[in-house]
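Computed from the coordinates by the stated procedures, all read-outs in this text should not be read as laboratory data. Keep in mind that what you see is a predicted model, and the values were worked out from it rather than measured. Cβ sites come from the backbone with ideal geometry, for glycine too, and all protein chains shown count toward neighbours.
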Amino acid sequence: MIEAYSFGKIIVNGQTYYQDIIITPKGVRSNWWRKEGHCLHISDLEDVLLETQPEVLVIGKGSSGMMKVPNEFQKTLKAKNIEVIAENTNKAV
């Protein structure tokens, strides 16, 4: 699925993306924007979480880990029995 990653670029199934994306079992969402720049909120992923009902959510925080995943975000998902793995993107992929 993920073929390559480097700063600012990810290749998934032969398609190159230069923006943040969401990868689900149904495919790639490339028209995704976060509510707040480098911080992830539940509202950023609500529709994806409802649609996919994952057991595990892997989050790439960027090449240098700039995107923050607040404790509240993680607690909310833990309460829904969703494991959160948040790593710098090169490790997450």
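Over the residues of the chain, the helix contribution to mean residue ellipticity at 222 nm works out to -7000 deg cm²/dmol, using -39500 (n - 2.57) for each DSSP H run of at least 4. Evaluated at q = 0.12, 0.15, 0.23, 0.25 Å⁻¹, a Debye calculation over the C-alpha positions of the chain (equal weights, vacuum) places log10 I(q)/I(0) at -0.35, -0.56, -1.41, -1.64.
Nearest 20 debye, what's the magnitude of the dipole of the range 2-92 about its Cα centre given +1 on Lys and Arg Cβ and -1 on Asp and Glu Cβ?
160 debye
I'd like the trypsin sites (Lys or Arg not before Pro) in the range 35-93 restricted to DSSP loop residues with at most 14 other Cβ atoms within 10 Å, sorted by number.
Numbers: sites: 35, 61, 68, 75, 78, 80, 91; in loops: 35, 61, 80.
When the trypsin sites (Lys or Arg not before Pro) of the range 35-93 are filtered for loop state and at most 14 Cβ neighbours within 10 Å, 35, 80 remain.
Axis of helix 42-52 versus longest Cα principal axis of the chain: the two differ by about 80°, to the nearest ten degrees. Here is the list for the range 23-93: chymotrypsin sites (Phe, Trp or Tyr not before Pro) lying in DSSP coil, each with at most 10 other C-beta atoms within 10 angstrom of its C-beta, are 33.
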